[in-house]
Structures are given as structure tokens and as C-alpha cells.
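A short write-up of the structure that comes next.
Read-outs throughout are calculated quantities, based only on the coordinates presented, and are distinct from any laboratory measurement. Worth saying up front: this structure is predicted, and the values here are computed from it rather than measured. Every residue, glycine among them, receives a Cβ derived from its backbone with ideal geometry; neighbour counts consider all protein chains shown.
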């Protein structure tokens, strides 16, 4: 999608030797930060945790002088092997994916960013092509709505996952 920069941490840093200056410049250059990853042990993959530890420095991302990320938006796009029913109070995992991501939500807030509910693709172990295509279309719509400032962030603020009801949170285009 034009205007969207894709950056694969594992491809860029196969030895985890993260270039902090470059990563901070990427963050500075973009208003919407999307962290896309599978859910690993109820959290992020190791390289993303390393990225957070190194890139989101005190004095740059947070703290008295750390305002580089103020006002930016943070979106997690997460795949999970378990079904949505497995990620609820009565499910096998007892928490929603959003609840599991609460440390990342707090990190975003600490950095002065607006945390959006996660876009979650559940059941990836059993997903069929049609389901994958439907999620891809929804993801495209979310990215386009973010790019065009049509996502109603107030409407989604308390949603457990962004893609639960896109019709409720994406405003139509002016020409629609």
C-alpha cells in the first residue's frame, strides 16, 4: 500500500544487532506505528522485546526530555493459534489478547502514544484460505482508514480487538 513502510526486524537484524539510531529515525518519520507479530507465550517475539528495550530509550521515547513519540498512534497486529473463545475469561487462556498486551499498551502510554485496540487474527492453526483472505481485506481496510484518518478512535478505545466490528469504527470516505 502506498504510504505504508514495511520493516521486518528479523530480516534487518538476523543477529539481533539493532541499529537504534535508524530505528528511532523510522519512528520519528511515521505517525502510525504498527507492530505486527505472532503471539509468543502471551507476548511478543524476542526480537521485538529487544527492539523495545533498545529503541524506546529514556530521554528519547519517555522521561522528562523523552517526547519523540508524543501523539503518534500504536497498533498491534497479532496472530494467535487459539480461537477467540480460548482468549476470554472462561477460555483456556483466561484473558483476551488485549489484556495480554497490556504491558505494550502501558509502554505506548508512557511514550505519549495513543494505543489502539489490537487487530487480532485468531485460530491461525486451522484458518482456511477464505478466512485468511477476509482478515487480509479487513487489515487493508484498517490501514487505509488509519492512513486517511477515518478510524473513529473514540469508538474503538475500549474494544477488546479492533477487527471485532469494523463497521462501527471506520468512518466512510467523504465521497462514499
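Quick notes on this one:
- Listing of helices (runs of 4 or more DSSP H) fully contained in the range 66-176 that carry 3 or more residues being out of contact with any helix residue (DSSP H, G or I) (no Cβ under 6 Å at 6 or more places or on another chain) and within 18 Å of residue 30 (Cα to Cα): 102-110, 129-147
- Qualifying residue in the range 161-174 (condition: more than 13 Å from the chain's Cα centre (by Cα), without any contact (Cβ under 8 Å) to a residue 60 or more places away in the chain, surrounded by fewer than 18 Cβ atoms within 10 Å (Cβ to Cβ) and under 23 Å from residue 44 (Cβ atoms)): yes
- Residue check, residue 14 touching a strand residue (DSSP E or B) at 6+ places or on another chain (Cβ under 7 Å) and over 17 Å from residue 116 (Cα atoms): no
- Selection of first residues in the range 93-114 that are in contact (Cβ under 8 Å) with a residue 40 or more places away in the chain and on the phi > 0 side of the Ramachandran plot and of second residues that are outside any helix (DSSP H, G or I) and surrounded by 19 or more Cβ atoms within 10 Å (Cβ to Cβ), restricted to Cβ pairs under 8 Å at least 6 apart or on distinct chains, gives the following pairs, ordered by first then second residue: 112/62; 112/69.
- Screening 23, 50 for residues that are surrounded by 15 or more Cβ atoms within 10 Å (Cβ to Cβ) and out of contact with any helix residue (DSSP H, G or I) (no Cβ under 8 Å at 6 or more places or on another chain) leaves exactly one candidate, 50.
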